[in-house]
Amino acid sequence: MKKLLLILLLACTTRSFAQKIEFIVLGGYGATQTFYYSPGTSDKVLIALSKDGSIAEFGTEYPKEFYGYYPGKLQKYMGRIEYYSQTENEAFRGKIRYIGLTQITYYGSYDEEALRGKVRTIGSTQFNYYASYDDAAIKGNIKTVGSTAINWCPSYENEAIRGRLKNIGNTKFEWYTSFDDKAISGKVKQIDQYMFTYYTSFENNNGQKGMLKSGFFTKYINGINYYLRN
């Protein structure tokens, strides 16, 4: 019985600190896409990456019971932070090497051009990117995070949506194009089965042109939290 209980506790602990994309922030209603990755360590660090694999910020999430809690806002991490020395490869010298218990590695100057200096691993998770020979609108963008595939709208798509998210795993994205009203062009139209509408240029809406009219600001979809921002 004690052995079974120990196994169950270990299983729960592993699930609690699973490595994964924890949430994605769509800024400007989708104009920017930031990936918040959880390395799955006990210090509960979150690392934010832009779509080209640059570290935008890191920290820990504010507790939901915290006064003024805002989904996706990080508080400063006060633990161990180490950097690669100036004697390291030129592509990653001076970049963050450790955040708490998590080691970060990068592609070096000896790697393919579109990969150099980008995050290669966070903990045990591998990050891959579209190469220099891929479509101009997507080259250098994140291609996979572990086993999760990420697709982007290529350059032959409508000009308003090129480089926008197309799929994350099984989750599909749709966007308003340049054929739509200029106040909503380029904004996210649908994530999975969830639709978004916005106030258009033709509506008398007390200065809310382009603002969200219907749809969610926070939603958990296929294992990832999505946070929509103005």
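The values are calculated or read from the model by the stated rules, or taken from the named source; none is laboratory data. The shown structure was predicted, so the numbers you read here are calculated from the model rather than taken from an experiment. FYI the Cβ positions are ideal-geometry reconstructions off the backbone, even for glycines, and counts take in every protein chain you see. Side chains are part of the model used for accessible areas, which takes the heavy atoms of the whole protein and leaves out ligands, DNA and RNA. Shrake-Rupley method; radii C 1.70, N 1.55, O 1.52, S 1.80 Å.
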Mean separation of Cα contacts under 8 Å (6+ apart) over length of the chain, as relative contact order %: 15
Starting from the alpha-carbon convex hull of the stretch 91-211, give the projected area averaged over all orientations, in nm². 10.5
Tally Lys/Arg at +1 and Asp/Glu at -1 over every other residue whose Cβ is under 10 Å from the Cβ of Ala31; what's the total? +3
Per residue, how much accessible surface does the chain expose to a 1.4 Å probe? Answer in Å², no decimals. 55
With +1 on the Cβ of every Lys and Arg and -1 on the Cβ of every Asp and Glu, the dipole magnitude of the chain about its Cα centre, in debye rounded to the nearest 20, is 660
Compute, for the stretch 33-73, the length of the dipole vector about the Cα centre, with Cβ point charges of +1 (Lys, Arg) and -1 (Asp, Glu) only. Units Debye, rounded to 20. 80
Coordinate range along principal axes, alpha carbons of the chain, Å, largest first: 62, 49, 31
Cα-based reach from Lys187 at 12 Å (exclusive), listing aspartates and glutamates while leaving out same-chain residues under 8 positions away: Glu174
Computed over the stretch 22-127, the Cα gyration tensor eigenvalues, each multiplied by 5 and square-rooted, give semi-axes in Å (largest first) of 26, 17, 11
Using alpha carbon centroids, what distance separates the stretch 131-163 and the stretch 174-189, in Å? 19
Just the number, please: carbon plus sulfur as a percent of the accessible area of the stretch 42-193, 1.4 Å probe, no ligands or DNA/RNA counted. 46
Counting other Cβ atoms within 10 Å of each Cβ, which trypsin sites (Lys or Arg not before Pro) in the stretch 125-192 have at most 15 and sit in a DSSP loop? Lys182
Give the aspartates and glutamates whose C-alpha is closer than 12 Å to that of Lys44, dropping any in the same chain fewer than 8 places away, or say none. Glu22, Glu61
Under 16 Å from Lys213, Cα to Cα: aspartates and glutamates that are on another chain or at least 8 residues apart: Asp180, Asp181, Glu203
More than 18 Å apart - percent of Cα-Cα pairs taken over the stretch 159-218: 36
Could you state how much accessible area Ile55 has, in square angstrom rounded to the nearest 10, with a 1.4 Å probe and all protein chains kept in place? 50
In degrees, nearest ten, helix 2-16 long axis to first principal axis of the chain (Cα): 40
